[in-house]
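Just below is one structure, and these are the notes that go with it.
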């Protein structure tokens, strides 16, 4: 037997672990600021860079890709080497992965507050950064698969299965959702439009949760939980079922984010059915984790690492039961666009990802520095402070969400909306938003305790850059299938075959859902009266995207009586055929805007953007005075129209050449409208004029009751109770 001596690389693990703790503090602190802005609008600071609309995507990207992303890489780089009994395939690739990934995060921290965004949730970064993400992910994947190939352990442990699924699926999701046509260095338009863009986005968005926040962390659970408990995984067979069922079913579930929208009903139903099916494999994984601790509960009581891991797995179970529940149409009719979804997301983010990462870091640092954890008591304080913070966060948000949903749908005895003004519901939620901020403060305080503890742990020990180990070389002939290996055990020795089967499993669902929207014309019927945006409206739409308005306002009136009474005619699929990207939104902190065109005079919008409380007393929306002060840059409009023409918007050469004349004419009409509303000092070359043009266009392409030339089957008819 040829025994080889080699070394595990701990430097890269330490780098990712330190980055994880730093970004944990940054990401959650920005989230806390955003949470406080909803009851204390002055915290928007009257600057364009710190408004809720701009820092909300900064918060989500910092938590998902900076905090959880670095945590994922730290956990994988440590565990993969030991599971494969091999150093990482390339030290150079490891460091390109580290510096490249964190450079991307820094670029996000710069560009998002500047308003450079695509507006697509969890995919807001513009095209040059998207390319950088793809390159760095390829680097990581090469390093991952190269390490698996040079392994000295024949069978791939369950954690590696989940790492493989993550590497493949995230690449597919990111590339296809990020296909866009550049109009300039920091402006692009999605190649998809309207309903197609919505489906592709939530195929990506839901599965970014699935394959960035879930599958890699399940791999970490399967490694670090048994290690911390010093016990084997409860069931090998259950882990097999968990893995294959999860990766196959998860990819179908994206349409449950679009229930009761203009998405064809068959796609909605497909997403709902597969979402409900997800309960089985998800709970199989949760039970496999918790039952691994059978007989070790006394150790759980004493060990803060296991406390964090137990709560993490429990939060995973709660979130993966609640997610399918929210995907049931009758429940979604109440929950969608409300704070209920926010509570659900944060149960997973804070409980599952946050606590598992904290437990992993507390386990890793003593081993990286050959010492004991500096203070077990301080880690226990962190656990209880963090857990209390989670409860203070999610419970008020559940309360808030259910309150919102019920108030939006409430009719009085005479058949009229009980709360016709949207602002009435917002004011009722302020106390819940304050409680949420208390929870966020506690969670951030816990991270500070952890950083102190980890720093003192590092100072008390001696870092070991390389861990020297010995292991026999793997005989490749045996690795391809030794005698006695059958079924899945045999497959675990064939990484290439395993990867191909994994790829097939994750591709099927996406192809079945997305391809028909392009091949079957009836899925996206046209409406003759729907025309492309004028040049001024296009620039106004881009300003709407820049300011992050989609983070608080939806543009999708669902076919419920409560919504058609409040907003107007429900939204038709054919109305969005020129929307690159779609702007349906996922949360209503403010009212839906799809039928806002013509609802208010131009002067109302002007005054509302200058000071929202002047038109809506008690509004929590921040003012946007810079829109009234900044000159509108019209120079990019022709390039933007040409880019949109490449993705199917039928702008003619004459329309592009005459863009300036069109802008001047429409500006003049808006200025006249403002004068009617006693706004006499408005200048025609300001950004606010373009934004008003866009807002006044919304929902005006069709008249109430007008149907498409080839209408799709409507979603379930709303009842009077809706």
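Would you mention how many residues in segment 661-705 are in contact (Cβ under 8 Å) with a residue 60 or more places away in the chain and either surrounded by 13 or more Cβ atoms within 10 Å (Cβ to Cβ) or not in a loop (DSSP other than H, G, I, E, B) (or both)?
The qualifying residues number 27.
Which of (1) crowded, with 20+ Cβ neighbours inside 10 Å; (2) under 30 Å from residue 656 (Cα atoms); (3) not assigned by TED's automatic domain parsing to the domain that holds residue 587 is the odd one out, the single condition residue 547 does not satisfy?
Among (1) crowded, with 20+ Cβ neighbours inside 10 Å; (2) under 30 Å from residue 656 (Cα atoms); (3) not assigned by TED's automatic domain parsing to the domain that holds residue 587, the lone unmet condition for residue 547 is (3).
Kindly check whether there is at least one residue in segment 195-212 that is surrounded by fewer than 24 Cβ atoms within 10 Å (Cβ to Cβ), in contact with a helix residue (DSSP H, G or I) (Cβ under 9 Å, 6 or more places away or on another chain) and within 22 Å of residue 497 (Cβ to Cβ).
The answer is no; no qualifying residue exists.
Residue check: is residue 539 at pLDDT 95 or above, surrounded by 23 or more Cβ atoms within 10 Å (Cβ to Cβ) and under 23 Å from the mean Cα position of the chain (by Cα)? Reasoning before the result, please.
Working: at pLDDT 95 or above: yes; surrounded by 23 or more Cβ atoms within 10 Å (Cβ to Cβ): yes; under 23 Å from the mean Cα position of the chain (by Cα): no.
The answer is no for residue 539.
Please enumerate the residues belonging to segment 90-108 that are in contact (Cβ under 8 Å) with a residue 60 or more places away in the chain and within 21 Å of the chain's Cα centre (by Cα).
Across segment 90-108, the qualifying residues are 102, 105.
Is it fair to say residue 581 is surrounded by fewer than 21 Cβ atoms within 10 Å (Cβ to Cβ), part of a loop (DSSP other than H, G, I, E, B) and in contact with a helix residue (DSSP H, G or I) (Cβ under 9 Å, 6 or more places away or on another chain)?
Here the answer is no, as residue 581 does not meet what is asked.
Residues in segment 238-246: is at least one outside any loop (DSSP other than H, G, I, E, B), buried (at least 24 other Cβ atoms within 10 Å of the Cβ) and touching a residue at least 40 places away in the same chain (Cβ under 8 Å)? Step through it out loud before you land on a result.
Quick first cut of segment 238-246, residues outside any loop (DSSP other than H, G, I, E, B) only: 238-246.
Going one step further and asking which of them are buried (at least 24 other Cβ atoms within 10 Å of the Cβ), we end up with 242-243, 246.
From what's left, touching a residue at least 40 places away in the same chain (Cβ under 8 Å): 242-243.
The answer is yes; a qualifying residue exists.
For residue 273, which of the numbered conditions (1) closer than 23 Å to residue 511 by Cβ; (2) in contact with a helix residue (DSSP H, G or I) (Cβ under 9 Å, 6 or more places away or on another chain); (3) modelled with pLDDT of 95 or more fails to hold?
(2)
Residues in segment 27-38 that are more than 13 Å from residue 441 (Cα to Cα) and assigned to a helix (DSSP H, G or I): how many? Step through it out loud before you land on a result.
To start, the set of residues in segment 27-38 that are more than 13 Å from residue 441 (Cα to Cα) comprises 37-38.
Those left that are additionally assigned to a helix (DSSP H, G or I): 37.
Count: 1.
Listed here are the residues, each with its yes/no results for (1) touching a residue at least 60 places away in the same chain (Cβ under 8 Å); (2) under 30 Å from residue 571 (Cα atoms); (3) buried (at least 20 other Cβ atoms within 10 Å of the Cβ).
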{"position": "439", "(1), (2), (3)": "no, no, yes"}
{"position": "446", "(1), (2), (3)": "yes, no, yes"}
{"position": "455", "(1), (2), (3)": "no, no, no"}
{"position": "460", "(1), (2), (3)": "yes, no, no"}
{"position": "471", "(1), (2), (3)": "yes, no, no"}
{"position": "503", "(1), (2), (3)": "yes, no, no"}
{"position": "510", "(1), (2), (3)": "yes, yes, yes"}
{"position": "514", "(1), (2), (3)": "yes, yes, no"}
{"position": "529", "(1), (2), (3)": "yes, yes, no"}
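Residue by residue through segment 627-650, note down the ones that are farther than 22 Å from residue 581 by Cβ and surrounded by fewer than 16 Cβ atoms within 10 Å (Cβ to Cβ).
Here is the first cut: in segment 627-650, the ones farther than 22 Å from residue 581 by Cβ are 628-631, 635.
Hits for segment 627-650 are 629, 630, 631, 635.
With respect to residue 188, is the statement that it is at pLDDT 95 or above, surrounded by fewer than 22 Cβ atoms within 10 Å (Cβ to Cβ) and in contact with a helix residue (DSSP H, G or I) (Cβ under 8 Å, 6 or more places away or on another chain) true? Before you say what the answer is, go through the steps one by one.
On the way: at pLDDT 95 or above: yes; surrounded by fewer than 22 Cβ atoms within 10 Å (Cβ to Cβ): no; in contact with a helix residue (DSSP H, G or I) (Cβ under 8 Å, 6 or more places away or on another chain): yes.
Criteria not met by residue 188.
The values are calculated or read from the model by the stated rules, or taken from the named source; none is laboratory data. In this text, all values refer to a predicted model and were calculated from it rather than measured experimentally. So basically every Cβ, Gly included, is an ideal-geometry build from the backbone, and we count neighbours across all protein chains shown.
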